[in-house]
Every structure is written in C-alpha cells, then in structure tokens.
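S.K.: After the structure tokens below, expect a handful of questions from me.
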Amino acid sequence: MRDFSYLRADSIEAARNAAALPGAMLLAGGTTLIDLAKCGVAEPATVIDISHIEGLNAVDVTADRALIGALAKMSHVADHAEVKSLFPAVSEALWQAASAQLRNMATIGGNLMQRTRCPYFRDPANFPACNKRSPGSGCSAIGGVTLGHAVLGTSEACIATYPGDLAVALVAFDAEVDLGERKLKVEDFFLAPGATAEQEHDIRPGEVITAIEIPGSAAARRSTYLKVRDRQSYEFAAASAAVGLELEGDGRTIRDIRVALGGVATKPWRARAVEEALKGKALDEATIREASELAMEGAVDHGANHYKIALAPRVIARAILKLGETA
Amino acid sequence: MTVHDMKHAASDSARLEAVGGRLSRVDGPAKITGAAHYAFEQQLEGLTHAVLVGATIAAGKVTAIDTRAAETAPGVLAVLTPDTIMALKGASDWFGNPPALSTYCPLAREVTFSGQHVAAVVAETFEQAVAAAALVKVWYDETPAIVDLSDGKAGDGIPIDAMAKEWGDAQAAFAAAPVRICAAYNTPREFQAAMEPHGLIARWEGDELTVWEPSQWLDGMARTYAEWFGVPFENVRLVSPYIGGGFGSKALALAHSAVAAAAARMLGRPVKLVLNRPQNFTSYGGRAATRQTVAIGADRDGKIQSIVHRGVNETAVDGMWVEPLGSVTSIMYATPNFSSKQNVVRVNTVVPGAKRAPGENPSAFGIECAIDELAYELGLDPLEMRLINYAEQDPHAKKPWSTRQLREAFAAGAEAFGWAKRSNAPRSMREDRQLIGWGVAAGTYPVRRAHGEAVVNILADGSVEVESSSIDMGQGTYTILAQTAAETLGVPVSQVSVKLGDSHFARAGVTGGSRLAGVMTGAVHKAAGQALDELIGLALSDPRSPFHRLQANTLVVKDGRIASPRGEGPELSIAELMSVVGRERIEAKGDTLPARTTPEERYANYTTIAKSIPHTEGDYSRHSWCAHFVEVRVDEDFGTVRVSRVVSALDSGRLYNPKLAESQWKGGIIMGIGQALLEEGIVDRRHGRIVNGNFADYMLPTNADIPDIQTISVGIPDPHSSALGGKGVGELGIVGVAPAIANAVFHATGKRVRDLPITLEKLI
C-alpha cells in the first residue's frame, strides 16, 4: 500500500495548520484528488479532509456580489436562483462542466484546483517527462498528440490546457479568491507555465481557499457561457467563452463587455483586446467577428491543435451575438 | 444463479409471452436490484489479487526485470515474470488449428505492443498488489515500432487471397464507364468499451479449474484453459451468468486470463485479476483501423458498370486479424464487373478483434459513402441511386436471396422520415446557424448459422427448466428462450426458468455474429418438443393416468394444463399428472446436429468456429438488411455535428421478441453514432501508445448525443435462415449508420469527410 496519513480538519484554522505540513493535500469532494491518485500523479503524504468544516458551503448572493463558500457543491451553485439571475454565465459554466455525478460531489474550491487533462501529465508510468510533475524533466506533449493542447499562454516547458469552465466565467467578471491572509484576483491566482510549469496556482503552504467573491455588474447580469465540443455532454471544451454585455440606452452600443476563454489557454484567459476593441462600438456581427479575432494575438499551435485558433474567435462572436439577441 | 421473477398482468400474458411477443427482459429486475451477481462479485475464501505490469515500449526486448522491491512489499505473495510463471502448453486457435508453438508464456520477453503484459504481482489485497506492481522495474532494448497504417515502415502488407472477389473485367469496365468516382475511406482503431472490464477469478481444486469470467463463449474458453494446463475439457468450468457488455470482445481466453489461472495454480489460492480501464485498451483488440479505396463506374442513367475495391486493415506483429472489407461491397449493388482485394499490414498493436459487425461495418462505410458520391456526380437522389442498382440476387454467390426486404426498408424508412421533402443540393437546408443534412445508407449482415443443443426439464411441480451454456450479455437470451420453451410446452412463462452461463450446462458455440437467437430458439424448440412428447406419451400410456382410458392419440397442453384436443374428459395440471404417475422429472436434451455426429465433431462444433454453416450454403444467400435515414445539424461556425433524427427500417426476418430486437437495433445505431462522430483510439506516433485509453478521453456518445430513434421492422419469416424464421439482429443495427451520417454531413455542408470520426476540426 502507498501509505498516507489522514487528518480530518474541523476548522479552517486546523486545516491551515495541517496544510502547511510537507506533502499535505486537501480533500473536499475528492473528484480530482482521488482521480489523480489512481493515475499515480498525486501521492500525498497527508490527506487533510476539509469536507466536514461547518459553514464553508454557504452561497450568499446580492446585486452587489456573490459570495460562494469553498465547500459549496458545483450542482448547488449551478442551480442557485440568484446565481442564475444575477450571474448566468457562472451557472451555465457549472452546468456544462463534468457530469451530474461529478457536479454533485465536486466543490467550488476544489474546482479551482482542478489539474490539466493533458494525457502525458496523467500517465507517469509511460511518460516520465513532464515539467508539471517533475520540473526539468521535459515536456512529452510537445511533438506528441496535441489535439487538446493550448494555443495561448504556452511555453517551451508546458503546453497543457487549463480544462475548467467555472474559472473562465470567474475571470471574466473579476472574481476574487479568498485565501484567508490574502485575497487574489482569480485571474492572478492561476499561473501560466513559463519556466515553472509545476506552479499552477499562487497558493502557499498553509493557505486554504475559503470563498470566492464575484462583484455584481450589469455585464454579469447579462452574461452567458458558450462551450463548444464534439460531444454534447461530459467533455472538456474544444473552446469556450464566458461573455458579459452591457449596452447603452440606445440598445445597440456596447458600454461594457467582458470576454474570457476556456479550452485554448494554459490558464483561464481574459481577452482584453477583444473587450477594448468593442467598447463604444455598435453590436454588429461583422464588427464583433473582426474584434473577436484579436483574442488570438500571440497564439501558437503545435500541429493538431491549430483548429483552436480558428475556432475560439467564432465562439466568442457567437456568445456575444447570443447575448445581443436576448436584449 | 438468480431465479428471474416474471410477473405481469394476466390479461397481457398470453400476447406478451408468445414467441413474437413484447415480453420485457426477465433478467431485468435481478439486474436492477443487484441480485444478479457478475463474475467479479464472487466472494471466495482466501481470495488473492493480481495486478499486471505493462510494457512502456511498443517494440523491443525485455532485458531485465528487478522484482526485489515488489517482492518485499507488504502483502505480496508472488511476482511473476516470464522466468518465474509456470510453463503453459500452447492452445489451438478458435478455428481449432493446432498451436504453432508447444509452449505458451502469457508474459512477454519480446514486446510487440505498448501495454503488453510483462510481469504480474499477486498480493493479499488489491491495494497492496497495485502498490507493489508500481515497484517492478523493467529494462528494455527498444527497437523502432510501426505505429499504424500510415507509418512509413508499414509497407503494403500481406495480400489475403481468400478475401479476393472478382467477376467480369472490373478495371476495363471502370475505365470505359462514362461516369466515375474514386475515393478513399478510412476508419480508425475503435474499442468495444464495455462498461464491465475484462478480468476473472480463477480457482483450482486439485486438477479442476473454475473460472468466473464474463464470456461470450464458455465452451471455447474452457477448451483454451484445458489446453493451456493440460487437463481434460470437463475439468474446466466457466461461469458467466451475466455479462456487462461484450460487443465481440469477450469470446476468447486471453493473456491476462492465463496469468490469473497460472497464478492461482502456483499459489494454490483463488486469484482475482481485473484489468484497469487503460489496460482495457491494450490487453485485447478493438476494431482494426481500416483503409479502403472504392472506384465505381456507371452509365449516365446511373446503372453501375463496375466496382473496384481495395482494402487494408491493420493487424499485429504476432497475430493475424482480417477485417473482411469487401463483404458488403460485393453484395449490396448489382454490377456486371467487380474486383475486391485486401491486404493486412502488421503494426505494433495487440491483435485486433471483433467489434460489432466486424467486416460489414467498415465495408459499408466505404461502399455506402461511395454510392452517395456517385449519386451526386450524376445529380441523382441518393435513394433513387440505390434503387436503380438494386441487387435482385446475390451478385457474388449468384444465388437468390432467402429473403431481402431492403426495397421495403427503403420505402418504409423514407415514408416515416419524410425523405420526399428533401432538397438534393448540398447546403440547401438550414435553420438559423445550423446547416441541416439528410443522409441515407443501407446495411447488411450475413445470417451465421450453427448447430446447438439445449436441455429442457419438466419438474414435479410442473415448472420447466431450460439449461444451456450459452449466454445473455443483454441481448435477451433468457427472455426469448423462456418464450420459446413456454410456447412449445404450453405453459406460462412464469413457470419457466432459464439457466445460462455455466459450461457444465448443455454445450453452446460462440455468441457472436448474431447467431445465438436463431441457434438456441431452434435447439430449445426441439428439446421442449421432445419433453412435451414424453409428457403426453406418459399421460396416454401410464395406467395411473386418467387419460389412459381415453384411448386418445394425442393431448394438448395449454396454460400448463393437459386436456384432450376436444376438451372432453379429464383436465390436469402438469404437476397433477407428474404426481399421479409418480414422476420426479422429465429430461429432454435436444440438439440440431446431424444424426451420427461423432463426439469429436460435437466437441469441435461447440469449441471452435470451424463448423459454422456458410450463409450461402445450398440454394440461397441469407442476410439481414437495413436502411438508415439520418438528419444532422452542423453548426456553421463550430463544425459540431449533432444527430437530430434517425429512422431505420430493418429486416431481421421474424422477430422472436420485437421489444428486445428494437432495443438491440437501437444499441447498434447508438454505437454507430459514436463511430461516426466520436470514437478514435489516438496513438502517440513516437511511442506507439494509445493516449486516450480511458472513458473521459475515448469519446462514447452520452444520452445528450442521442435523439429519438425510430425503428421499423420490415422482416418476414425466413424459413431458410433459422428454425423459427428469424435472421440476425444484434450486429445489423450498426451497419450503415456511419455512412448515413457522413452522407448527411455532406448534404448539410458540402464537405465530404472520408475519415472517421467526423470531428469538428475536420469541418471548421
């Protein structure tokens, strides 16, 4: 047996203390940790079960902000009436993620810690080289099967795609992650690989995600999450977009717009160039399609994933057009 | 063994229970409540657990294995390597051909594919075995691998002369034809992907081996175990009452089976070995990747003058699999000139195997797409194109069809689908940003026949037992055999219990090629008829029977009660008669083998496939037929394809149970949707390894991908195909689905995608 210690934390304090132990990993819904342990990727020395901590699963939504506890289940947040009405992109991103069974188990905090689905990362026995698993060992994906790999935010060390949906919506609406001592923009919490592919999150030993806060906005209220994939359900995005839209009083001039991308980048990817190009412009299909192309500035493909460069701007454009139609 | 509970409203019983009635699956409640115990659920005293170590290279030699760390790990009982596993004897293949080598080692010294088993760890618990297996260190001398058909080292392969079919002068006629198309069609490596993984529990008691293993062929697998271990066939007992999906993959005892049985013998304790999900992609073969070129020459009125077909399928470096690619090509359409040839190419893969409709499935993808291309070349409706070239007899065997309701299938399907409203031009139908396409394709599968046997017992309480070592992997064997026995004997289905999946029952051949229902209904009908004869004979001749004094010639049994044909005189239940004549049971064993079959021939009939009866034997060519009509919606921006409607009309002859037949057809159609749009084993070309060997990354359709599917039975009883008039059901449904979808995608988008699956990046 691969032995490990199991600790049950009854308070956030206890969780933080235990999380500072070397080789410690937190267990909440378990949908990522147990999966990665079975692959041989996660080999924790200590598993700290935080799923029994009281009060961490609350969801509190007002017009100003949504406050979502780290232990809230994905399915619960997805189905929350105020999340649906005030932050529809958040609800839609959750509904389109994983499967019903996984959404019933997985927590919001754990979802932010979800690891990449890169097949080379997930198979240590057959592919020892992976900078994300063992820094400096190399990248097995480059030169291999890259159909699902990232075209934005890649480096020579790693081209693994960030697989999640929720964080894409969070990044679009400037959400923050509460780590206790620190609060970070979700956008900054996720790290592009650079030369340190093993560092995926700006989280330090002893820190525990306790909540996510999403500021309310007109753009968040009129928002959507569009996920494109070959399979209708239970597949990671070929490309996805979280988009929020606020129009001027004339009903056709864009006052505020938020655009973030999933399935194409190494982290949840805010497309600010698209936003800037569209602010003050008319909600017109040709304009939107032209501006959406700006999201792919600096995109680099590795062969089989070339289609993502063509696909992602279309997903953005269609998401904006969909919001325009729901005026 | 679970006794299936069969209760339904009395008023519906007679209609439901008759052969041809829509009786629900009798094994359904046991499966839903968990009363049905699958192979790996056996609780055995002293059970140990084995875990395999797979090769991390695709080609080369194992130069050294360091087992020391694994051997000293907690709970470890044995670490098996090619040097330490017990010697096994070579076993004959499924045709009964003797082995090339006299010995067999299921752990590889010479690696020919990634994931091949090179060692195994046996421990007291599963977790201990998993942990210790990770400690086994293997060194290799790696050599370059041939990863797939497009590998530069693969070459043209080996011609399979037995697959060649020629008549007329196909090349010359093609060259002379005024209208010609020629295109290449590729299908990728696909996997059966049964939810229940492969594996087994093996237990030795002296020289007797019991194996709990999901199996599509108990007697064939028992023979293999017997030969490996040099024990008599009767000493091996396979138990497989329920199977969690086979789709062709569970008919053979495989290397992992040998490892577990050898470990059990060496340790003197039962061993459980279940492949993990990635190992289910490398331990046995899925459908071989295929390449076909189809050239068709036609007159300007659309009449085909020539078909030239060339096919290639991949096989293993150390094993042969031929996926018969010309099987549909050679019979679907009338043509005066025809040529089909096939090669196989060795690549570094596990030996490919059977997956639903092997041969016919990829064959239909080629010819049914090509005929659509020809229709567009001529400006004809694709359905009209098919009718113009309708084959009135088997163009290859030159024999009449036993029955061919394909014209009826086209008509019924087109009517239900509304085909007449279709506009023929590509990209001519749309709704908002969705391009709509309507496609059609035909499918076929030969009627594979064999001989079978069954035991039917009438017990003292009037209940009836049916016993057979054949199996039910979800297709409905329990149910239709209960219906057959009940109808033949004149008893309610609730009085019949069917026992399957134990090799100590009456023998049975392979469950594959859609042959089981025809074989087993025939055998049960015969055995039940013999039991009925004995029952009536007893009632008439035994002096203690109240019927004795009637001096009648015969009696009738209805609803489990015995009476004279005119209804005069006494009436007794079967139990009452058994009681008055003092009989505990009536036993009847019926088989459909020819008289004077020797014991050796009988053994070969059930333990090899060499005794199958050709579908073109005698005066007729026998096949099931179908026509699929499909609507797809393709997003014009994203290239995503969604199947929004399917109407399929199918000719499987007489249906023994339409509800179960429809369920099997729909299962095949769903599998075809997966094949068309999602499924592909993706190989890393540097390592020769499947990188999507799990259920998150190997895409199978979800419920959300499947629309309402309408199936229409257009079959008529076919007396030349089976005793009760049925033809094959299970394999047929998938054949033609992928080309119907590919043709619909062309109609929607104007793009011909000839490489499956049709994923979004091919349309964007």
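S.K.: Given the criteria within 30 Å of residue B:292 (Cβ to Cβ), out of contact with any Pro (no Cβ under 6 Å at 6 or more places or on another chain) and in contact (Cβ under 8 Å) with a residue 40 or more places away in the chain, does residue B:227 qualify?
M.R.: So residue B:227 fails the test.
Quick grid of which residues meet (1) aliphatic (A, V, I, L, M); (2) within 22 Å of residue A:241 (Cα to Cα); (3) touching a residue at least 40 places away in the same chain (Cβ under 8 Å):
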| residue | (1), (2), (3) |
| --- | --- |
| A:67 | yes, no, yes |
| A:74 | yes, yes, yes |
| A:78 | yes, yes, no |
| A:83 | yes, yes, no |
| A:90 | yes, yes, yes |
| A:115 | no, yes, yes |
| A:118 | no, yes, yes |
| A:121 | no, no, yes |
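S.K.: Collect the residues in segment B:214-241 that are part of a helix (DSSP H, G or I) and of a type in the set (Ser, Thr, Tyr), keeping them in residue-number order.
M.R.: Within segment B:214-241, B:224, B:225 qualify.
S.K.: Still on this structure, please answer the following. From the list B:631, B:617, B:662, which residue is assigned to a helix (DSSP H, G or I) and either surrounded by fewer than 24 Cβ atoms within 10 Å (Cβ to Cβ) or in contact with a Phe, Trp or Tyr (Cβ under 7 Å, 6 or more places away or on another chain) (or both)?
M.R.: Exactly one of B:631, B:617, B:662 is assigned to a helix (DSSP H, G or I) and either surrounded by fewer than 24 Cβ atoms within 10 Å (Cβ to Cβ) or in contact with a Phe, Trp or Tyr (Cβ under 7 Å, 6 or more places away or on another chain) (or both), namely B:662.
S.K.: Report whether or not residue B:158 is among the β-branched types (Val, Ile, Thr) and assigned by TED's automatic domain parsing to the domain that holds residue B:258.
M.R.: Here the answer is no, as residue B:158 does not meet what is asked.
S.K.: Is there a residue in segment B:701-708 that is within 14 Å of chain A (Cβ to nearest Cβ), of a type in the set (A, V, I, L, M, F, W, C) and in contact (Cβ under 8 Å) with a residue 40 or more places away in the chain?
M.R.: Yes, segment B:701-708 has at least one match.
S.K.: Right, something else. Mind counting the residues in segment B:577-586 that are crowded, with 16+ Cβ neighbours inside 10 Å and not hydrophobic (A, V, I, L, M, F, W, C)?
M.R.: Selection size over segment B:577-586: 1.
S.K.: Regarding residue B:602, is this residue crowded, with 16+ Cβ neighbours inside 10 Å, of a type in the set (Lys, Arg), within 14 Å of chain A (Cβ to nearest Cβ) and in contact (Cβ under 8 Å) with a residue 24 or more places away in the chain?
M.R.: Details: crowded, with 16+ Cβ neighbours inside 10 Å: yes; of a type in the set (Lys, Arg): yes; within 14 Å of chain A (Cβ to nearest Cβ): no; in contact (Cβ under 8 Å) with a residue 24 or more places away in the chain: yes.
No; evaluated as a whole, the condition is false for this residue.
S.K.: Residue under question is residue B:25, and the condition is that it be more than 14 Å from every other protein chain (Cβ to nearest Cβ), within 29 Å of the chain's Cα centre (by Cα) and among the basic types (Lys, Arg); does it hold?
M.R.: Numbers: more than 14 Å from every other protein chain (Cβ to nearest Cβ): yes; within 29 Å of the chain's Cα centre (by Cα): yes; among the basic types (Lys, Arg): yes.
Here the answer is yes, as residue B:25 does meet what is asked.
S.K.: Just checking, does segment B:570-581 include any residue being in a helix (DSSP H, G or I), small (Gly, Ala, Ser) and within 30 Å of residue B:451 (Cβ to Cβ)?
M.R.: no
S.K.: So which residues in segment B:14-68 are under 30 Å from residue A:124 (Cα atoms) and among the hydroxyl-bearing types (Ser, Thr, Tyr), if there are any at all?
M.R.: Result: B:48, B:56, B:63, B:67.
S.K.: Report yes if some residue within segment B:645-668 is touching a residue at least 12 places away in the same chain (Cβ under 8 Å) and within 14 Å of another protein chain (Cβ to nearest Cβ); otherwise report no.
M.R.: For segment B:645-668, residues touching a residue at least 12 places away in the same chain (Cβ under 8 Å) and within 14 Å of another protein chain (Cβ to nearest Cβ): absent.
One line per residue, one yes/no per condition, for (1) free of Cβ contacts under 8 Å to residues at least 60 places away in the same chain; (2) within 14 Å of chain A (Cβ to nearest Cβ); (3) acidic (Asp, Glu); (4) more than 22 Å from residue B:476 (Cβ to Cβ):
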| site | (1), (2), (3), (4) |
| --- | --- |
| B:696 | yes, yes, no, yes |
| B:712 | no, no, no, no |
| B:746 | no, no, no, yes |
| B:750 | no, no, no, yes |
| B:753 | yes, yes, no, yes |
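S.K.: Here's another thing I want to ask about it. Select, from B:148, B:169, B:161, B:141, the only residue that is acidic (Asp, Glu), more than 29 Å from residue B:759 (Cα to Cα) and surrounded by 13 or more Cβ atoms within 10 Å (Cβ to Cβ). Please lay out each step first, then the result.
M.R.: On the way: B:148 fails: more than 29 Å from residue B:759 (Cα to Cα); B:161 fails: surrounded by 13 or more Cβ atoms within 10 Å (Cβ to Cβ); B:141 fails: surrounded by 13 or more Cβ atoms within 10 Å (Cβ to Cβ).
Of the residues listed, the single one that is acidic (Asp, Glu), more than 29 Å from residue B:759 (Cα to Cα) and surrounded by 13 or more Cβ atoms within 10 Å (Cβ to Cβ) is B:169.
S.K.: Same structure again: Residues of segment B:589-614 being in a loop (DSSP other than H, G, I, E, B) and small (Gly, Ala, Ser), which ones? Even if it seems obvious, please write down each step before you answer.
M.R.: If we filter segment B:589-614 for residues that are in a loop (DSSP other than H, G, I, E, B), which is where we start, we get B:592-598, B:608-612, B:614.
Listed by number, the residues that qualify are B:595, B:610, B:612.
S.K.: Still on this structure, I have one more. Determine if segment B:607-625 includes at least one residue that is away from chain A (no Cβ under 14 Å), within 22 Å of residue B:417 (Cβ to Cβ) and modelled with pLDDT of 95 or more.
M.R.: There is at least one residue in segment B:607-625 that is away from chain A (no Cβ under 14 Å), within 22 Å of residue B:417 (Cβ to Cβ) and modelled with pLDDT of 95 or more.
S.K.: Looking at residue B:712, is it in a helix (DSSP H, G or I) and over 17 Å from residue B:195 (Cα atoms)?
M.R.: Against the criterion (in a helix (DSSP H, G or I) and over 17 Å from residue B:195 (Cα atoms)), residue B:712 does not qualify.
S.K.: Sort out which residues of segment B:669-681 are touching a strand residue (DSSP E or B) at 6+ places or on another chain (Cβ under 7 Å) and facing another protein chain (nearest Cβ under 9 Å), and write them in order of number.
M.R.: The answer is B:677, and nothing else.
S.K.: Moving on to the next point. In segment A:310-327, what count of residues is obtained for those that are surrounded by 18 or more Cβ atoms within 10 Å (Cβ to Cβ) and more than 10 Å from chain B (Cβ to nearest Cβ)?
M.R.: Count: 6.
S.K.: Can you pull out the residues in segment A:226-283 that are closer than 25 Å to residue B:760 by Cβ, away from every other protein chain (no Cβ under 14 Å), buried (at least 24 other Cβ atoms within 10 Å of the Cβ) and over 13 Å from the mean Cα position of the chain (by Cα)? Walk me through how you get there before you give the answer.
M.R.: Within segment A:226-283, the first condition is being closer than 25 Å to residue B:760 by Cβ, and the residues that meet it are A:226-243, A:259-271, A:273-274.
Next, from what is left, pick out any that are away from every other protein chain (no Cβ under 14 Å): A:242-243, A:259-262, A:265-271, A:273-274.
Cutting the leftovers down to buried (at least 24 other Cβ atoms within 10 Å of the Cβ) gives us A:242-243, A:259-262, A:265-269, A:271, A:274.
Correct list: A:243, A:259, A:271, A:274.
S.K.: A further question on this structure: When you scan segment A:171-194, do you find a residue that is over 29 Å from residue A:245 (Cα atoms) and touching a helix residue (DSSP H, G or I) at 6+ places or on another chain (Cβ under 6 Å), even just one?
M.R.: Checked against the condition, which is being over 29 Å from residue A:245 (Cα atoms) and touching a helix residue (DSSP H, G or I) at 6+ places or on another chain (Cβ under 6 Å), segment A:171-194 yields no hits at all.
S.K.: Quick one: residue B:690 ticks every box in (1) away from every other protein chain (no Cβ under 11 Å); (2) touching a Gly at 6+ places or on another chain (Cβ under 7 Å) except a single one, so which number is it?
M.R.: Against the list (1) away from every other protein chain (no Cβ under 11 Å); (2) touching a Gly at 6+ places or on another chain (Cβ under 7 Å), residue B:690 comes up short only on (1).
S.K.: Next up: How do the strands (runs of 3 or more DSSP E) wholly within segment B:453-516 filter down when requiring 1 or more residues that are under 20 Å from residue B:25 (Cα atoms), in contact with a Ser or Thr (Cβ under 8 Å, 6 or more places away or on another chain) and not hydrophobic (A, V, I, L, M, F, W, C): which remain? Spell out how you get there, then give the answer.
M.R.: Working: elements: B:453-459, B:464-467, B:496-499.
The qualifying strands (runs of 3 or more DSSP E) are B:464-467, B:496-499.
S.K.: Spot the failing condition for residue A:215; the list is (1) within 14 Å of chain B (Cβ to nearest Cβ); (2) touching a residue at least 60 places away in the same chain (Cβ under 8 Å); (3) under 30 Å from residue A:26 (Cα atoms), and only one is missed.
M.R.: Only one criterion in (1) within 14 Å of chain B (Cβ to nearest Cβ); (2) touching a residue at least 60 places away in the same chain (Cβ under 8 Å); (3) under 30 Å from residue A:26 (Cα atoms) is unmet by residue A:215, namely (1).
S.K.: Of (1) under 15 Å from residue A:109 (Cβ atoms); (2) crowded, with 22+ Cβ neighbours inside 10 Å; (3) out of contact with any strand residue (DSSP E or B) (no Cβ under 6 Å at 6 or more places or on another chain), residue A:197 satisfies all except one. Which?
M.R.: With (1) under 15 Å from residue A:109 (Cβ atoms); (2) crowded, with 22+ Cβ neighbours inside 10 Å; (3) out of contact with any strand residue (DSSP E or B) (no Cβ under 6 Å at 6 or more places or on another chain) applied to residue A:197, the lone miss is (1).
S.K.: List, please: which pairs have Cβ atoms under 9 Å, are six or more places apart or on different chains, and start with a residue in segment B:247-264 that is outside the structural domain of residue B:220 (by TED's automatic domain parsing) and end with one that is outside any loop (DSSP other than H, G, I, E, B) and of a type in the set (S, T, N, Q)?
M.R.: That search, which allows pairs on different chains as well, returns nothing.
S.K.: Please go through segment B:423-465 and give me each residue that is touching a Leu at 6+ places or on another chain (Cβ under 6 Å) and hydroxyl-bearing (Ser, Thr, Tyr), ordered by number.
M.R.: B:445
S.K.: Sticking with this one: From the set of residues in segment B:21-79 that are hydroxyl-bearing (Ser, Thr, Tyr) and part of a strand (DSSP E or B), which is surrounded by the most Cβ atoms within 10 Å (Cβ to Cβ)?
M.R.: B:48
The values are calculated or read from the model by the stated rules, or taken from the named source; none is laboratory data. Since this is a predicted model, take the numbers as computed values, not measurements. All Cβ positions, glycine included, derive from the backbone under ideal geometry; neighbour counts span all protein chains shown.
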